[in-house]
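Colleague: Questions regarding the structure given below will be posed in turn.
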Amino acid sequence: MKNNSILDIEGISVDFQGFKALTDVNISVKYNEIHFLIGPNGAGKTTLLDIICGKTRATSGKILFKGSDIRKKKEYEINRIGIGRKFQAPSVFVNLTVYENMELAVKQNRGIMSIILSSISYEQKKKIMDILNTINLFSEMDKLAGSLSHGQKQWLEIGMLLVQEPELLLLDEPVAGMGKSETQKTGELLKKISKKCSILIVEHDMEFVRNFADTVSVLHEGKNLCEGSVEKVQSDPRVMEVYIGRGSEKSA
């Protein structure tokens with residue numbers, strides 16, 4: 001484990017029957033930082049998240065979480081040791097209330113009958129209330145999740161991850177489809193969350209990256225291109241050539 005890093009990706013490669021999705025990728029995520037992963041389409045960004053959470057197996061390399069290699073662990077094992085994953089499309093239970101969604105998230109590691117029959121503790125209820133305040137949905141707790149805006153659904157799903165008390169959050173394009181106001185609020189929410197856990201984000205919105213990144217890693221054709229501050233990445237001529245200079249602020 002490198003100094004002050006919670007996650008170290010060391011020499012990770014992924015070969016899908018001859019197609020090299022990732023080649024010798026190295027990335028370190030520090031404690032309590034917001035670390036963005038950017039690059040053109042097909043660069044391997046989402047594949048890297050899949051590798052970290054156990055959805056896809058690496059061909060070679062190490063994935064060190066707090067110093068221990070988790071590369072061969074199963075998805076549920078990785079979740080239980082403190083890594084939470086949110087996909088791009090929100091997956092909330094639209095016919096349940098906001099509070100009921102949060103309550104289910106508290107119970108999610110139990111068996112089916114336990115989920116149906118058990119009640120949650122006072123401490124767990126308090127945790128839910130605290131998180132609803134954090135994600136700006138306290139006043140919406142009795143509303144059906146299906147009635148929320150797109151951005152609010154994204155916040156609810158982040159809240160459902162937070163009740164599991166993760167130490168590392170993996171987010172895939174959390175502001176896709178949001179307007180400027182919701183995007184700004186999401187960035188402010190992530191800043192709050194980063195005081196308690198680290199966040200690794202795949203993102204295409206460069207304005208959002210500039211406003212909220214602590215560190216940025218750039219992938220290109222499955223390989224490391226550049227890593228550092230926003231200023232360092234933006235000034236790197238290789239990044240300008242293959243990514244930033246391609247035109248649209250929101251292209252990736």
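FYI, it's all coordinate maths here, none of it is from the lab. Every value quoted in this text rests on a predicted model; they were computed, and no experiment measured them. Here Cβ is always computed from backbone atoms with ideal geometry, including for glycine, and neighbour counts include all displayed protein chains.
Colleague: How large is ³J(HN,Hα) for each residue in segment 207-215, as worked out from phi by the Karplus curve 6.51 cos²θ - 1.76 cosθ + 1.60 (θ = phi - 60°), to whole Hz, x for Gly and Pro?
Modeller: So the J values, rounded to whole Hz, are 5, 4, 4, 4, 6, 10, 7, 8, 9.
Colleague: Still on this model: Calculated FRET efficiency, ASN133 and LYS232, Cβ-Cβ r, R0 45 Å, to nearest 0.05? If you can, show how the numbers build up before the last one.
Modeller: Details: r = 36 Å, r/R0 = 0.79.
Given R0 = 45 Å and the Cβ-Cβ separation, E is 0.80.
Colleague: For segment 47-180, rounded, prolate or oblate, judged on the Cα gyration tensor with a ≥ b ≥ c (square roots of eigenvalues), a/c < 1.5 rounded, else prolate if a/b > b/c?
Modeller: Numbers: a/c = 2.16, a/b = 1.43, b/c = 1.52.
Judged from the Cα gyration tensor, segment 47-180 comes out oblate (a/c at least 1.5, b/c at or above a/b).
Colleague: Here's a follow-up. Would you list, by chain and number, the lysines whose Cα falls below 19 Å from the Cα of LYS125, excluding same-chain residues fewer than 8 positions away?
Modeller: LYS107, LYS143
Colleague: Could you sort the peptides 20-32, 176-188 by per-residue average Cβ neighbour count (10 Å cutoff), highest mean leading?
Modeller: The most tightly packed comes first, giving 20-32, 176-188.
Colleague: If I take every Cα pair under 8 Å that is 6 or more residues apart in the chain, average their sequence separation and divide by the length, what percent do I get for the relative contact order?
Modeller: Values: 468 pairs, mean separation 68.6, N = 252.
Relative contact order, the chain: 27 percent.
Colleague: Take every DSSP beta bridge whose two residues both sit in segment 5-246, then give the antiparallel share in percent to the nearest 5.
Modeller: Numbers: 21 of 38 bridges.
Of all bridge pairs located within segment 5-246, approximately 55 percent are antiparallel.
Colleague: Place the peptides 139-148, 200-209, 49-58 in order of packing, highest mean first, counting for every residue the other Cβ atoms within 10 Å and averaging per peptide. Mind showing how you got there, number by number?
Modeller: Numbers: 139-148: 15.3, 200-209: 21.5, 49-58: 19.3.
Per-residue mean Cβ counts within 10 Å order the peptides as 200-209, 49-58, 139-148.
Colleague: Of LYS185/LYS232; LYS73/LYS126; LYS73/LYS232; LYS74/LYS127; LYS86/LYS196, which ones are farther than 24 Å apart at the Cα? Before the final figure, lay out the partial values.
Modeller: Details: LYS185/LYS232 26 Å; LYS73/LYS126 32 Å; LYS73/LYS232 35 Å; LYS74/LYS127 27 Å; LYS86/LYS196 17 Å.
Check vs 24 Å cut-off fails for LYS185/LYS232; LYS73/LYS126; LYS73/LYS232; LYS74/LYS127.
Colleague: Let me ask something else. Between VAL94 and SER68, 0.36 nm times their residue separation minus their Cα-Cα distance comes to what? Can you show the working numbers first?
Modeller: Working: separation 26, 0.36 × 26 = 9.36 nm, distance 3.74 nm.
Length gained between VAL94 and SER68: 5.6 nm.
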